[in-house]
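See below for the structure under consideration.
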Amino acid sequence: RPPSRPRVLLKAPTLAEMEEMNISEEEESP
Amino acid sequence: HPVNIPRREKDFQGMLEYKKEDELKLVKNLILELKPRGVAVNLIPGLPAYILFMCLRHADYLNDDQKVRTLLTSTINSIKKILKKRGDDFETVSFWLSNTCRFLHCLKQYSGDPAFMKHNSQRQNEHSLSNFDLAEYRQVISDLAIQIYQQLIKCMENILQPMIVSGMLEHETIQGVSGVKPTGLRKRTSSIADEGTDTLDSILRQLSAFHSTMCQHGTDPELIKQVVKQQFYIIGAVTLNNLLLRKDMCSWSKGMQIRYNVSQLEEWLRDKGLMTCGAKETLEPLIQAAQLLQVKKKTDEDAEAICSMCLALTTAQIVKVLNLYTPVNEFEERVSVAFIRTIQTRLRDRCETPQLLMDTKMIYPVTFPFNPSSLALETIQIPTSLNLGFLTRV
């Protein structure tokens, strides 16, 4: 079912910025 | 007492529901701990990419931008992490290159952009993302794919490079051609046990191993072509550079051997249906150097023929080969200084850099042509071996 309203553009960080974000997977248990 | 009746495939929407707190488990089991050589061998090509995309579709369906963002970020970071850890393993790099490309294709195919929907079924169009435009993330993932591609090339180069001189130049397969060794040359002794043992056959076997791994991983055919072209470039460049540095490689019989080896490489391309990928063309400087070893090098007419034949070689390279040329028997002579002068004069007006050696580290720019899949997301089942029981088919 095609949406009736336009999609919202999600702003993305660059690849390098993303690495610095220290996302959850960095906290994985040993 | 409720009976668990399996849902029919047509009832599924091609999404996978997961709890936010399971995101870590998802990337851990699907990316960080997946062994391409173990479990992944039996998966449908690109399955991790489809699974991640189906999770993403569910987050999009919930209109939860934060969930979409963190899934994409975790996915990208986990792929980078596994490649940092196992980046020297060709299988791992090839596996994640093909899955990253598949994920990128899914983001396009289901973006809702008509440009990417031409080959979709009605049902696939219904599965387009409904709330978010992920064009910027597509760019990031394309950048990631470029990084992985470069890593794949490096990885392949590390395996292939040590085989090239031995297999392409030193090892002789044509019996009787060089029965007489070039005068004044001694056989190089190898300092490392393995050195000098690689043959053209081992190079061809290695190329086939790379090729079959990429095919198993469902790598896009257009991408395989680019990898093969790069492989051939490296083979040609390393071979030519060594020829230009070694007098014992500049003889008529080596020219013969190189041409035979090139024909075997061409045969390999033909066998794999890769004749149009531009790989053969990358060998042109080497082919011309081999021809240069075999043509007559005496008269003005010979000089003219050489200049019109060796268009893929620089003047420095042509002159170097002529200087190094070593007769194999008493019927041949060294190339005269006068002849080399004639060549230099004829080539004086060529506009080129005075480059002698080829750049073996050069990497052709890569592209990832859009390759939509006909696979229906709603039919995808997750093998229990992936330990993703916390995902719910929706």
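Computed from the coordinates by the stated procedures, all read-outs in this text should not be read as laboratory data. The shown structure was predicted, so the numbers you read here are calculated from the model rather than taken from an experiment. Please note: Cβ atoms are built from the backbone with ideal geometry, for glycine as well, and neighbour counts cover all protein chains shown.
Inter-chain neighbour count for A:8-21: the average number of beta-carbon atoms from partner chains within 10 Å of each residue's beta-carbon is 6.
Overall form of the protein assembly as shown: prolate. Here a/c, set by the Cα gyration tensor axes a ≥ b ≥ c, is 1.5 or more, and a/b is the larger of a/b and b/c. Inter-chain Cβ neighbour count for B:131-141, averaged per residue, equals 4 (cutoff 10 Å, partner chain atoms only). Each Lys and Arg contributes +1 and each Asp and Glu -1, all at the Cβ; summed about the Cα centre of the protein assembly as shown, the dipole is approximately 320 debye.
Before rounding to the nearest 500, sum -39500 (n - 2.57) across all DSSP H runs of length at least 4 in chain B and divide by the residue total; then give [θ] at 222 nm in deg cm²/dmol. Intermediate values should be presented prior to the final figure.
Numbers: 14 runs with 204 residues, N = 394.
The helix-only estimate for chain B comes to -17000 deg cm²/dmol at 222 nm.
Were the residues from residue B:35 through residue B:333 laid out at 0.36 nm apart, the gain over their Cα-Cα distance would be 101.4 nm.
Using Cβ contacts closer than 10 Å as the measure, can you line up B:61, B:233, B:364 from fewest to most? Walk me through the intermediate numbers first.
Numbers: B:61 15, B:233 23, B:364 12.
Neighbour counts put them in this order, fewest first: B:364, B:61, B:233.
If R0 is taken as 41 Å, the Cβ-Cβ distance between residue B:367 and residue B:66 corresponds to a FRET efficiency of 0.80.
Spatially close Lys pairs in segment B:53-157, defined by Cα atoms under 23 Å apart and a spacing of eight or more places or different chains, total 9.
Per-residue 3J(HN,Hα) values for segment B:119-136, derived from phi via the Karplus relation 6.51 cos²θ - 1.76 cosθ + 1.60 with θ = phi - 60°, read 9, 6, 7, 4, 5, 4, 4, 5, 8, 4, 4, 9, 10, 10, 9, 9, 3, 5 Hz in sequence order (x marks Gly and Pro). Cross-link reach is defined here as a Cα-Cα straight distance under 13 Å, omitting same-chain residues fewer than 8 places apart; for residue B:25 the aspartates and glutamates meeting it are A:25, A:26, A:27, A:28, B:33. Residues of chain B were split at every exposed loop site, defined as trypsin sites (Lys or Arg not before Pro) in a DSSP loop with at most 13 other C-beta atoms within 10 angstrom, and the longest piece left, sites excluded, is B:189-295. Residue-wise HN-Hα couplings along segment B:50-64, as the Karplus relation 6.51 cos²θ - 1.76 cosθ + 1.60 with θ = phi - 60° gives them from phi, are 5, 4, 4, 5, 5, 5, 4, 4, 5, 5, 5, 4, 6, 6, 9 Hz; Gly and Pro carry x. For residue B:132, the residues 5 or more places off, or on other chains, whose built amide H falls under 5 Å of its own are A:8. Backbone phi angles across segment B:137-146, fed through the Karplus curve with coefficients 6.51, -1.76 and 1.60 (θ = phi - 60°), yield HN-Hα couplings of 5, 4, 4, 5, 5, 5, 4, 5, 4, 5 Hz in residue order; Gly and Pro are listed as x. Taking 0.36 nm per residue of separation and subtracting the Cα-Cα distance, full extension of the segment from residue B:115 to residue B:174 would add 15.9 nm.
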